Amino acid sequence: MADKYDYDVLVIGAGPGGYVAAIRAAQLGLKVACAEGRETLGGTCLNVGCIPSKAMLHASEYFDAAKNGAMAEMGIDVTPKLNLDKMHAQRIDAVGGLTKGIEFLFKKNKVDWKKGYASFVDAHTVKVGDETVTAHEVVIATGSSVTPLPGVEIDNDKGIVVDSTGALELKSVPKKMVVVGGGVIGLELGSVWRRLGAEVTVVEFLDQLLPGMDMDVRKEAAKIFKKQGMELMLGTKVTDCSVKGKTATLTVGSAAGGATTEIKADCVLVAIGRRPNTQGLGLENIGLSVNQRGQIEVDHEFRTSVDGVRAIGDVIPGPMLAHKAEDEGIAVAEWIAGDTGIVNHDVIPGVVYTWPEIAGVGLTEEAAKERGDINVGKFPMAANSRAKTNHEPDGFVKVISDAKTDRVLGVWCIASVAGTMIAQAAQAMEFGATSEDIAYTCHAHPTHSEAIKEAAMAVTGKPIHM
Ligand code: FAD
Ligand code: NAI
């Protein structure tokens, strides 16, 4: 394929979408290059997203368990002392190991890493730094960046008003942190600093946290976070933010309008969403436009409106999740190689890695109801033997199925290991399972996953342990 061009495929961006696409295309026998502007491979996810946030969540979970009495409850008396520098060092170490791992995989699969930011000259010609690279197919996998809050200036170096990247690297534990946005980032990173000793207030524009998730889950999550000591200001908007010395002053008021009040904090985390990275890519040179949300529209083969140019990951519509980007990376490479690449966009699990974890796949109860008659089975974690034994009573599992066919339409969990539990639900849904299929599948005892079986049994009103 590459005769006329330097490469069969040039991938722009080496995040979970781009690096996976590049590796899969190379595995399929294509000549591949991947352009990346960052110093290291792995994109947002490995450098400043999924991985460093999980490193801080995991470490802070231990600290919290020692500090809040959870360990003492099991007969382990400890008084924890925080070594924040060391906690950061293990985060940096995790990131370093994994980004180097991608470098190794590129070498192993003979993917050429082109260092620098890429910009289209024409549909098959891209400038990467000082180099010009031509390719038969170009895949845009440039990901996303933080959405700014108008009038609020982010300065990660000062560490007073920060985005998620700054919030991962705070040099000391804030006394008071205000999180603007009660979504995934706000709750995960807000949890990290709350566990380490900060007083955390979450200001969320909507009436509930976690938009897009099942309403029962959103309400239960709010109860749990409040119980943990987070202050939640729902239905509230920030109208102003100023910094004087080391203190930020936020003006907040009801989302509906009316009177405002001021909150002072030594750290403000802005986490109100992310937007696709398309600026500087030279899309105008190839006549490729973006939709109203700034995303690049594609068809099911990830083809854009420009011949030879495809796009995947956060830069196209759909949930901004690493595993969604990865699956699209595999699929786009398979299409380019002449195979059929499949991503089932109806079955993409989402996980919030708080304590407990919050996970879901498929339709919410609200969305399922809009489509037709449904049955719902729910089972509380308080009645699950393993969760009870582990002192983890919070949460529940909910299974939603079609009333006529019993096909599972959605599964939602709040449980300490919900992120792991949701995999079986996704697999069941991928195979078109009914709630009865799950109910009659033997689950090991004692496991948290038995709660999924019991919730499936509850769809027909017959759970055993409730
Ligand atoms: P990205 O990972 O954003 O990678 C795009 C890459 O392209 C970047 O490295 C960028 O430097 C590069 N690039 C951009 N423009 C150019 C250009 N012109 N030329 C060359 N290179 C360019 N998702 C999960 O599923 N699980 C999680 O636990 C999770 N945690 C997260 C935590 C945080 C704090 C954040 C911010 C995000 C998290 N996400 C998580 C989301 C996840 O990181 C993204 O969905 C995922 O990284 C998207 O992958 P991508 O390949 O589309 O883009
Ligand atoms: P988000 O979309 O999850 O949440 C943003 C929240 O901010 C929403 O609840 C929204 O209503 C609120 N908001 C918007 N404007 C506001 C305003 N002016 N004032 C107050 N609240 C406002 O976005 P977030 O948390 O920034 O995360 C970005 C993306 O990163 C998400 O799409 C998510 O998929 C991904 N991510 C995934 C993780 C995971 O899978 N565990 C972890 C972290 C991020």
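The values are calculated or read from the model by the stated rules, or taken from the named source; none is laboratory data. Quick caveat, the model's predicted, so the values are computed rather than measured. Ideal geometry is used to build each Cβ from the backbone, glycine not excepted, and the neighbour counts take in all protein chains shown.
Kindly indicate which of Arg275, Arg310 is over 22 Å from the mean Cα position of the chain (by Cα) and within 21 Å of Thr44 (Cα to Cα).
Numbers: Arg275 fails: over 22 Å from the mean Cα position of the chain (by Cα).
Of the residues listed, the single one that is over 22 Å from the mean Cα position of the chain (by Cα) and within 21 Å of Thr44 (Cα to Cα) is Arg310.
In summary, Val192 fulfils each of the numbered conditions (1) more than 12 Å from ligand 1 (Cβ to nearest atom); (2) in a helix (DSSP H, G or I); (3) among the aliphatic types (A, V, I, L, M) with the single exception of condition (1).
Matching residues to (1) under 21 Å from Glu430 (Cβ atoms); (2) part of a helix (DSSP H, G or I); (3) outside the structural domain of Tyr19 (by TED's automatic domain parsing); (4) of a type outside the set (S, T, N, Q):
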residue	(1), (2), (3), (4)
Asn344	yes, no, yes, no
Glu370	no, yes, yes, yes
Gly377	yes, no, yes, yes
Ala382	no, yes, yes, yes
His391	no, no, yes, yes
Val397	yes, no, yes, yes
Ser401	yes, no, yes, no
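Quick check on region 176-185. Is at least one of its residues surrounded by fewer than 22 Cβ atoms within 10 Å (Cβ to Cβ) and assigned by TED's automatic domain parsing to the domain that holds Gly313? No, region 176-185 contains no residue that is surrounded by fewer than 22 Cβ atoms within 10 Å (Cβ to Cβ) and assigned by TED's automatic domain parsing to the domain that holds Gly313.
Give the residues of region 357-376 that are under 18 Å from Gly432 (Cβ atoms), small (Gly, Ala, Ser) and buried (at least 19 other Cβ atoms within 10 Å of the Cβ), sorted by residue number. Gly362, Ala368, listed by residue number. Against the criterion of being of a type in the set (Gly, Ala, Ser), under 21 Å from the mean Cα position of the chain (by Cα), surrounded by fewer than 19 Cβ atoms within 10 Å (Cβ to Cβ) and more than 16 Å from ligand 2 (Cβ to nearest atom), Gly69 does not qualify. For region 209-223, does any single residue satisfy the condition of being near ligand 2 (Cβ under 10 Å from one of its atoms), modelled with pLDDT of 95 or more and in contact with a helix residue (DSSP H, G or I) (Cβ under 6 Å, 6 or more places away or on another chain)? For region 209-223, residues near ligand 2 (Cβ under 10 Å from one of its atoms), modelled with pLDDT of 95 or more and in contact with a helix residue (DSSP H, G or I) (Cβ under 6 Å, 6 or more places away or on another chain): present.
Listed here are the strands (runs of 3 or more DSSP E) enclosed by region 195-284 that have at least 3 residues being within 16 Å of ligand 1 (Cβ to nearest atom): 267-270, 274-276. Only one entry of Gly282, Gly308, Gly258, Gly362 meets the criterion of being more than 13 Å from ligand 2 (Cβ to nearest atom), out of contact with any Pro (no Cβ under 7 Å at 6 or more places or on another chain) and at pLDDT below 95, and that entry is Gly258. Filtering Lys107, Lys86, Lys67, Lys81 for residues that are more than 16 Å from ligand 1 (Cβ to nearest atom), touching a residue at least 60 places away in the same chain (Cβ under 8 Å) and basic (Lys, Arg) leaves a single hit, Lys67. Among the residues of region 14-53, those that are within 16 Å of ligand 2 (Cβ to nearest atom) and assigned to a loop (DSSP other than H, G, I, E, B) comprise Gly15, Gly42, Gly49. Residues in region 341-386 that are over 25 Å from the mean Cα position of the chain (by Cα) and either within 16 Å of ligand 1 (Cβ to nearest atom) or small (Gly, Ala, Ser) (or both): Gly372, Gly377, Ala382, Ala383, Ser385. Scanning region 414-431 for residues that are in a helix (DSSP H, G or I), crowded, with 24+ Cβ neighbours inside 10 Å and not small (Gly, Ala, Ser) returns a single hit, Ile422.
Picking from residues in region 143-180 that are of a type in the set (Asp, Glu) and within 20 Å of Lys86 (Cα to Cα), the one that is farthest from ligand 2 (Cβ to nearest atom) is Asp157.
Taking region 403-413 as the search range and keeping residues that are out of contact with any Ser or Thr (no Cβ under 9 Å at 6 or more places or on another chain) and assigned to a strand (DSSP E or B), which one is farthest from Met71 (Cα to Cα)? So the residue we want is Val411.
Of all residues in region 263-278, those satisfying the criterion of being surrounded by 23 or more Cβ atoms within 10 Å (Cβ to Cβ) and within 10 Å of ligand 2 (Cβ to nearest atom) are Leu269, Val270, Ala271.
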